Amino acid sequence: MGGHALPGRPPVPLTLRRSARARRISLRISQLDGRVTLTLPHGIPEDEALDFARTKEDWIRHHLSARPEDAQVGFGQRIPIEGEVRRIVRAEGRRVALRRDEVTVPDGAEARRLQSFLKELARDRLTAACDFYAGRLGQSYTRMTLRDTRSRWGSCSSAGALMFSWRLILAPPEVLRYVAAHEVAHLAEMNHSPAFWAQVERIHGPYDDARRWLREHGGGLHRYRFDGASS
């Protein structure tokens, strides 16, 4: 159901999707990539959904203009690592290294090198956090994998397999630890019931600030592009 757009300068591409569970037309703008999606029930004509989008054009353009632009990773750019904004500079040696306000990266395929470094750093931090919280919970997980997911920061399968977005390493450490505790708590409660949130608080402590940070700022972690690097 592609090929639709709001006319104007610039045109705004629209994605239309049908949903058997939808009861009315709904509009969503992704914080991750700015995609504008119209969800409509079966039986509602596409023209009706497009008319609805036109009535919301000012709102759509306002939200798109407020979205941070994507940033291609490279020398001279700044990127948050563990919540600290650091400038990417050329390394004199062969290794990526963190300094107080810089990250040094060897020349040549610097985006790929930095991405690999960030993935390994994320693995170290998340493994330590998951081991700690699993110990507090009295449960064990079977494995942990990292991906560049855009729809969720983490997950826990019924088999005890944990998955996280490696981009959590860009967030403040307390946010990464909260997400680790959240997914580890699912080892005991595979739901979001009051019992689940009680487990999160028991093993992690108060989590409202970290959860709020992720809700308000998490989408911005996806603006850093590592084109040419494998995801």
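The values are calculated or read from the model by the stated rules, or taken from the named source; none is laboratory data. Remember, predicted model here, so these are calculated numbers, not experimental data. In this analysis, Cβ positions are derived from the backbone assuming ideal geometry, glycine residues included, and neighbour counts consider all displayed protein chains. Each accessible area value is taken on the protein alone, full model and side chains, heavy atoms only, with ligands, DNA and RNA left out. Shrake-Rupley method; radii C 1.70, N 1.55, O 1.52, S 1.80 Å.
Projecting the Cα atoms of 166, 145, 184 onto the charge dipole of the chain, computed from C-beta unit charges around the Cα centre, puts 145 farthest toward the positive end. Multiplying the residue separation of residue 64 and residue 95 by 0.36 nm and subtracting their alpha-carbon distance yields 7.3 nm. Across region 36-46, coupling constants 3J(HN,Hα) worked out from phi with the 6.51/-1.76/1.60 Karplus curve, θ = phi - 60°, read 9, 10, 9, 10, 9, x, 4, x, 8, x, 4 Hz, and Gly and Pro carry x.
Free of any GluC sites (Glu not before Pro) that DSSP assigns to a loop and that have at most 10 other C-beta atoms within 10 Å, the longest stretch within the chain is 93-231.
Accessible-area rank, largest first, for 62, 4, 222, 217: 62, 217, 4, 222, with all protein chains present and a 1.4 angstrom probe. Decide, for region 21-158, between rounded, prolate and oblate: order the square roots of the alpha carbon gyration tensor eigenvalues as a ≥ b ≥ c, take rounded if a/c falls under 1.5, and otherwise choose prolate if a/b is larger than b/c, else oblate. Since a/c reaches 1.5 but b/c is at least a/b, the shape of region 21-158 is classed as oblate. Per-residue 3J(HN,Hα) values for region 126-135, derived from phi via the Karplus relation 6.51 cos²θ - 1.76 cosθ + 1.60 with θ = phi - 60°, read 6, 4, 4, 5, 5, 4, 5, 6, 5, x Hz in sequence order (x marks Gly and Pro). Taking amide H positions as placed 1.01 Å from N in the peptide plane, with prolines and chain starts having none, which residues 5 or more places from residue 4, or on another chain, fall under 5 Å of its amide H? Those qualifying (amide H under 5 Å, at least 5 residues apart or on another chain) are 14.
Think of a 1.4 Å ball rolled over the protein heavy atoms: the chain then has 57 Å² of accessible area per residue. With all pairs of different C-alpha atoms in the average, the Kirkwood value for the hydrodynamic radius of region 108-231 is 14.8 Å.
Taking amide H atoms as placed 1.01 Å from N in the peptide plane, the amide H of residue 147 lies under 5 Å from those of 164, 165, 166, each 5 or more residues away in sequence or on another chain. Sequentially through region 136-151, phi angles give Karplus couplings (6.51, -1.76, 1.60; θ = phi - 60°) of 5, 6, x, 10, 10, 9, 8, 6, 9, 10, 10, 9, 9, 6, 10, 9 Hz, Gly and Pro residues having no value and appearing as x. Summarising the amide proton neighbourhood of residue 224: residues at separation of 5 or more, or on other chains, whose placed amide H is nearer than 5 Å comprise 71.
Of all accessible surface on region 165-231 at a 1.4 Å probe, what whole percent is carbon and sulfur? Percent of accessible area from carbon and sulfur atoms in region 165-231: 46.
The convex hull of the Cα atoms of region 28-108, projected and averaged over all directions, covers 8.3 nm². Between residue 37 and residue 116, the contour length at 0.36 nm per residue exceeds the Cα-Cα span by 25.2 nm. At the residue level, residue 144 shows approximately 30 square angstrom of accessible surface with a 1.4 angstrom probe and all protein chains present. Name the most mobile residue of 59, 153, 213, meaning the one with the largest mean-square fluctuation, in a Gaussian network model of the chain with Cα contacts below 10 Å. Of the options given, 59 has the highest mean-square fluctuation. Taking Cα centre as origin and charging only the Cβ of basic (Lys, Arg, +1) and acidic (Asp, Glu, -1) residues, the dipole magnitude of the chain rounds to 220 debye. Judged by the gyration tensor of its Cα atoms, with axes a ≥ b ≥ c, region 141-211 is oblate; a/c meets the 1.5 cut and b/c is at least as large as a/b. In percent, what relative contact order does the chain have, based on Cα pairs under 8 Å that are 6 or more apart in sequence? With pairs under 8 Å counted, the relative contact order is 17 percent.
Could you run the Debye sum over the Cα atoms of the chain, one equal point scatterer each and no solvent, and tell me log10 of I(q)/I(0) at q = 0.13 Å⁻¹, two decimals? With one equal scatterer per Cα and no solvent, log10 I(q)/I(0) is -0.93.
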